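> Quick one: this structure, given as structure tokens, is what I'll be asking you about.
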Amino acid sequence: MQKTFKNEKILFAEPLFQCDGLAGFTRSELYENAIHRTLRINQLKKEHNWTQEDFDIAIRCLNYEVGFVIHLSMFIPAIERLATDDQKAKWLPLAESYRILGTYAQTELGHGTNLMALETTATFDPRTDEFVLRTPQLSSMKWWPGSLGKTATHAIVLAQLIIGNKNYGMNPFMVQLRSLEDHMPLPGIIVGDIGAKLGANSNDNGFLILNDVRIPRENMLARNSKVTKDGRYIQTSTNKANYATMVLVRLSIIRWAEDTIKNGSLIAIRYSAVRRQSSLQAGGPEMQVLDYQTQQYKIFPSLAASYALFFTYEAMMKEYEIAYAQIMRGNNQLLGQIHGQLSGLKAFASDLVTYELEMCRRSCGGHGYLKASVVGETLLHTLPLVTVEGDNTVMYLQCARYLLKQIAKALAGQDVDEPTSYLKKDILSYTCPVQKGEHCTNPNYLLKIYTQRAHSAIASVARQLQFDLESGKDQSSAFNNNLVSLVQAAKAHCQLCLMKNFVESVSALERTCSENLASVLRQLCLYFGLHGIVTASGEFLESEAIGLQQLEWIKAEELKSLAAIRPNAVALVDAFDLHDQTVMSALGRYDGNAYQHLFEAAKREPMNQTQVPPAYYKYLRDLIKGQPLAKL
Ligand SMILES: CCCCCCCC/C=C\CCCCCCCCC/C=C/C(=O)SCCNC(=O)CCNC(=O)[C@H](O)C(C)(C)COP(=O)(O)OP(=O)(O)OC[C@H]1O[C@@H](n2cnc3c(N)ncnc32)[C@H](O)[C@@H]1OP(=O)(O)O
Ligand SMILES: Cc1cc2nc3c(=O)[nH]c(=O)nc-3n(C[C@H](O)[C@H](O)[C@H](O)COP(=O)(O)OP(=O)(O)OC[C@H]3O[C@@H](n4cnc5c(N)ncnc54)[C@H](O)[C@@H]3O)c2cc1C
């Protein structure tokens, strides 16, 4: 599942990467530890001639608990995508050698989603051939960018370009924030950390106020548009190309989601295999909780999601690479498709894993509430994914916007993109594919059900929008009246994508892997499809892709699937090939000794380093001895 990291032994031989000790770290210690880790991985990369992929896998093995995440995943890719060749030649070597440390400063205190309303301005001054950057009011200050608080020496600042009295929209500007001599903020720059978060506290997300900061004209990243010395704005590509970095990170978030749900399902399944509690026969031996149908019902969805997201990431990475190669050659034909697909899938993947991670945590009972179980920590660390790189609702709506355009093309007899080719079918020509119970044991039949449900959801909201417009509603009212249905249609399309990628990937694997493995993967794919229909049965019924009889067969088959997966559940998570130090969980260790590891973790608890707590001498001693307490 995860390209086995041949360098695991090297990485985890170093105490720095042994994660047991992170509990109890202060924010400053977490921050320093993260920086130390990334720089040490960089040294290991040089010492052992690791590839960039090895470097990335090392970071994923550490669950992204490293420093410079935005520098590596946004600042450098933004230079690659938004800068001219000359600008790349200047800035990339500095960034790649960590001579400058960057962030991607787009979001403001007052705006994150609505980029058109960003308030930071970059005003061209032809007298000095410079841009003057300012955050005009409190709500304008940049707020959230990772590494902005204490680390970044430079930021790619997204600002409204002003020439004369005209606003040319959001453009990217390279701004130095701190001195490269003493790291002090430069004149006009007020910068700092925005404070503790629910998780990911090793990251110094920051704020930035720009008070008339002057930068040379050449600091506007000018691949897609530029300003001439005499103040003319020349656009060389769609200004949406300036959004390209976000598209890449949305793809990375799908993989981040896959990595975290693999951790969660591995912990839940391994622990459920060793935890014995209660029994079904009076006086009988206590059962492995993994044998309870309800426990399987709680945690097998995370197992299936792990594989579904793995296959979807692989498919989307290929789709992105094709689109990106064309875009970098100036051909933006696939820009809309890749944006629509990745907006929706980033939202769907992050929604799916945050839900299933909580189910994994709950399945561990009381111990799931201990930091040492790590499932809760993983959830806290994953929660931002439903917001970063675009709030999920907004991302679903971007996907829905794409789907509406595609179905309009389909209805007009025009070509549509491959991911929406199903919309070419006549919506009235669908017949329920499942005519007998045994059809529910074939993922290909289920795929037809998902296709019809997605097509129906998109066609239905398109019709409703058309009806509202024809009834006299203006565009924005008609849209706002149908946002919930638009999100539902986007989710239906995304769930179809996951199911399609799962079915097609297993079908491709069957041609090369053993029948045993093929059978296990087919079973998991079938379960993923069945469970998805059951959990959204109302929508599937509404689409007429299934009736009550089919739903009855599907629900029965889903429960049978639980029992079929049970014998292979532990092997399926072992197949993730995750090192104990990656999973970090006392409940999910490969040796299965959960209780021993829990107790070891408790013994490492800082409070246990002394037998008698300081509070005893301040408060408890007099209390216990019945002596009057001094005034507190
Ligand atoms: C991966 C390995 C890396 C190696 C290093 C390893 C070390 C790193 C460790 C791990 C890597 C992990 C990677 C993940 C890191 C995650 C960290 C994340 C930190 C967070 C960062 C951020 O949050 S950055 C800020 C993100 N902000 C947003 O996303 C804002 C959301 N809002 C918008 O995008 C736009 O406002 C919105 C799309 C909502 C509206 O656009 P707008 O132009 O205002 O109007 P609209 O009419 O809707 O669109 C017009 C037109 O433009 C098209 N379009 C919109 N967006 C895009 C786009 N992104 N790309 C292409 N086209 C776009 C849209 O479809 C419309 O087209 P038409 O319909 O007019 O044709
Ligand atoms: C951990 C973390 C790291 C981050 N790192 C960075 C970074 O490095 N660089 C950076 O620039 N930013 C960063 N961000 C900011 C992030 O990109 C924004 O928070 C995100 O884009 C959401 O925007 P917002 O916060 O303004 O939410 P809002 O858009 O204000 O969302 C509030 C609510 O309004 C709803 N809403 C908003 N617009 C619409 C609409 N059009 N239709 C329907 N509903 C709508 C949303 O669905 C949501 O429910 C980070 C955020 C977090 C949490």
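> Quick check on my filter: what residues within segment 112-168 are of a type in the set (Asp, Glu) and over 30 Å from the mean Cα position of the chain (by Cα)? Give the derivation first.
As a first pass, look at segment 112-168 and keep what is of a type in the set (Asp, Glu): 119, 125, 129-130.
Answer for segment 112-168, where residues must be of a type in the set (Asp, Glu) and over 30 Å from the mean Cα position of the chain (by Cα): Asp125, Asp129, Glu130.
> Output the number of residues of segment 120-144 satisfying the condition of being within 12 Å of ligand 2 (Cβ to nearest atom), open to solvent by less than 10 Å² (accessible area, probe 1.4 Å) and closer than 23 Å to Lys197 by Cα.
1
> Can you pull out every residue in segment 289-309 that is of a type outside the set (Asp, Glu) and open to solvent by 40 Å² or more (accessible area, probe 1.4 Å)? Don't jump to the end; show me each part of the working.
Pass one, segment 289-309, residues of a type outside the set (Asp, Glu): 289-290, 292-309.
The answer is Tyr292, Gln293, Thr294, Tyr297, Lys298.
> Right, something else. If I filter segment 108-119 down to residues being open to solvent by less than 60 Å² (accessible area, probe 1.4 Å) and within 11 Å of ligand 2 (Cβ to nearest atom), which single residue comes out as farthest from Leu180 (Cα to Cα)? First the steps, then the outcome.
As a first pass, look at segment 108-119 and keep what is open to solvent by less than 60 Å² (accessible area, probe 1.4 Å): 108, 110-112, 115, 117-119.
If we keep only those that are within 11 Å of ligand 2 (Cβ to nearest atom) too, we end up with 108, 110-112, 115, 117-118.
On the way: Glu108: 25, Gly110: 30, His111: 30, Gly112: 29, Leu115: 31, Ala117: 32, Leu118: 29 Å.
Here the residue is Ala117.
> Same structure again: Do the conditions hold for Ser202, that is, is it open to solvent by less than 20 Å² (accessible area, probe 1.4 Å), more than 30 Å from Gln333 (Cα to Cα) and not basic (Lys, Arg)? Even if it seems obvious, please write down each step before you answer.
Numbers: open to solvent by less than 20 Å² (accessible area, probe 1.4 Å): yes; more than 30 Å from Gln333 (Cα to Cα): yes; not basic (Lys, Arg): yes.
Yes.
> Could you tell me whether Tyr320 is surrounded by fewer than 24 Cβ atoms within 10 Å (Cβ to Cβ), of a type in the set (Ser, Thr, Tyr), within 19 Å of the chain's Cα centre (by Cα) and more than 16 Å from ligand 2 (Cβ to nearest atom)?
So Tyr320 fits the description; yes.
> Inspect segment 18-26 for any residue being open to solvent by 40 Å² or more (accessible area, probe 1.4 Å) and on the phi > 0 side of the Ramachandran plot and give the result as yes or no.
Yes; the residues of segment 18-26 include at least one that is open to solvent by 40 Å² or more (accessible area, probe 1.4 Å) and on the phi > 0 side of the Ramachandran plot.
> Restricting the search to segment 200-220, which residues are out of contact with any Ser or Thr (no Cβ under 8 Å at 6 or more places or on another chain), more than 25 Å from Gln137 (Cβ to Cβ) and not acidic (Asp, Glu)?
Correct list: Ala200, Asn201, Ser202, Pro216, Arg217.
> Another question about this same structure. Tally up the residues in segment 230-264 that are at pLDDT 95 or above, out of contact with any helix residue (DSSP H, G or I) (no Cβ under 7 Å at 6 or more places or on another chain) and either under 28 Å from Met317 (Cβ atoms) or open to solvent by 20 Å² or more (accessible area, probe 1.4 Å) (or both), please.
The total comes to 4.
> Which condition number does Leu380 fail, the rest of (1) open to solvent by 40 Å² or more (accessible area, probe 1.4 Å); (2) near ligand 2 (Cβ under 9 Å from one of its atoms) being met?
That leaves (2) as the condition not met.
> Out of (1) within 30 Å of the chain's Cα centre (by Cα); (2) of a type in the set (A, V, I, L, M, F, W, C); (3) closer than 30 Å to Glu438 by Cβ, what's the single condition that is false for Met584?
If we test Met584 against (1) within 30 Å of the chain's Cα centre (by Cα); (2) of a type in the set (A, V, I, L, M, F, W, C); (3) closer than 30 Å to Glu438 by Cβ, just (3) comes out false.
> Hey, can you tell me all the residues within segment 574-595 that are open to solvent by less than 10 Å² (accessible area, probe 1.4 Å), in a helix (DSSP H, G or I), more than 16 Å from Lys6 (Cα to Cα) and not small (Gly, Ala, Ser)?
Residue satisfying the conditions is Val583 alone.
> Considering only segment 421-451, state which residues are among the hydroxyl-bearing types (Ser, Thr, Tyr), within 15 Å of Lys500 (Cβ to Cβ) and out of contact with any Pro (no Cβ under 8 Å at 6 or more places or on another chain).
Ser421, Tyr422, Tyr450, Thr451
> If you don't mind, there's one more thing I want to ask. Condition first: farther than 16 Å from Ile253 by Cα, within 15 Å of ligand 1 (Cβ to nearest atom) and either in contact with a helix residue (DSSP H, G or I) (Cβ under 7 Å, 6 or more places away or on another chain) or part of a loop (DSSP other than H, G, I, E, B) (or both). Can you find one or more residues in segment 378-397 that meet it?
Yes, the conditions are met somewhere in segment 378-397.
> Looking at Leu280, Leu309, which one is free of Cβ contacts under 8 Å to residues at least 60 places away in the same chain, closer than 22 Å to Ala564 by Cβ and either away from ligand 2 (no atom under 16 Å from the Cβ) or of a type outside the set (D, E, K, R) (or both)?
On the way: Leu309 fails: free of Cβ contacts under 8 Å to residues at least 60 places away in the same chain.
The conditions single out Leu280.
Here is a yes/no grid of residues against (1) farther than 30 Å from Gln160 by Cα; (2) among the hydrophobic types (A, V, I, L, M, F, W, C); (3) part of a loop (DSSP other than H, G, I, E, B):
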| position | (1), (2), (3) |
| --- | --- |
| Leu208 | no, yes, no |
| Ile215 | no, yes, no |
| Lys226 | no, no, no |
| Met246 | no, yes, no |
| Asn263 | yes, no, no |
| Ala268 | yes, yes, no |
| Leu280 | yes, yes, yes |
| Tyr297 | yes, no, no |
| Phe310 | yes, yes, no |
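> Can you name the number of the only condition in (1) open to solvent by 60 Å² or more (accessible area, probe 1.4 Å); (2) closer than 30 Å to Gln341 by Cβ that Glu286 fails?
(2)
> Another question, then. Within segment 51-73, count every residue that is out of contact with any His (no Cβ under 9 Å at 6 or more places or on another chain) and away from ligand 1 (no atom under 11 Å from the Cβ).
Adding up the residues that qualify gives 1.
> For residues that are within 13 Å of ligand 2 (Cβ to nearest atom) and out of contact with any strand residue (DSSP E or B) (no Cβ under 6 Å at 6 or more places or on another chain), tally how many sit in segment 147-183.
Residues that pass the stated criteria total 1.
> Something else now. Within segment 383-425, work out how many residues are within 16 Å of ligand 2 (Cβ to nearest atom) and of a type in the set (S, T, N, Q).
4
> Then there's this: Given (1) under 21 Å from Ala305 (Cα atoms); (2) out of contact with any Lys or Arg (no Cβ under 8 Å at 6 or more places or on another chain); (3) at pLDDT below 95, where does Leu578 come up short, assuming only one miss?
Of the numbered conditions (1) under 21 Å from Ala305 (Cα atoms); (2) out of contact with any Lys or Arg (no Cβ under 8 Å at 6 or more places or on another chain); (3) at pLDDT below 95, the odd one out for Leu578 is (2).
> Looking at segment 414-428, I want the residues that are part of a loop (DSSP other than H, G, I, E, B) and have a partner that is of a type in the set (A, V, I, L, M, F, W, C) with Cβ atoms under 7 Å, at least 6 apart or on another chain. Which pairs are those?
Val416/Ala410; Val416/Leu423
Yes/no per residue for (1) at pLDDT below 95; (2) of a type in the set (S, T, N, Q); (3) within 16 Å of ligand 1 (Cβ to nearest atom); (4) more than 24 Å from Leu82 (Cα to Cα):
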{"site": "Leu158", "(1), (2), (3), (4)": "no, no, yes, no"}
{"site": "Met184", "(1), (2), (3), (4)": "no, no, no, yes"}
{"site": "Ile190", "(1), (2), (3), (4)": "no, no, no, yes"}
{"site": "Leu208", "(1), (2), (3), (4)": "no, no, yes, no"}
{"site": "Asp212", "(1), (2), (3), (4)": "no, no, no, no"}
{"site": "Met220", "(1), (2), (3), (4)": "no, no, no, no"}
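> Same structure again: Can you find, within segment 299-340, the residue that is nearest to ligand 1 (Cβ to nearest atom) among those that are β-branched (Val, Ile, Thr) and under 15 Å from Ile253 (Cβ atoms)?
Ile338
> Here is a further query. Residue by residue through segment 179-199, note down the ones that are open to solvent by less than 20 Å² (accessible area, probe 1.4 Å) and out of contact with any Phe, Trp or Tyr (no Cβ under 7 Å at 6 or more places or on another chain). Even if it seems obvious, please write down each step before you answer.
Within segment 179-199, the subset open to solvent by less than 20 Å² (accessible area, probe 1.4 Å) is 189, 192, 199.
Matches in segment 179-199: Ile189, Gly199.
> Which one of Thr451, Thr354 is among the β-branched types (Val, Ile, Thr), within 16 Å of ligand 2 (Cβ to nearest atom), crowded, with 18+ Cβ neighbours inside 10 Å and in a helix (DSSP H, G or I)?
Thr354
The values are calculated or read from the model by the stated rules, or taken from the named source; none is laboratory data. In this text the structure is predicted, and so the values were computed from the model without any measurement. In this analysis, Cβ positions are derived from the backbone assuming ideal geometry, glycine residues included, and neighbour counts consider all displayed protein chains. Remember, those area values only see protein heavy atoms, side chains included, never the ligands or the DNA or RNA. Shrake-Rupley method; radii C 1.70, N 1.55, O 1.52, S 1.80 Å.
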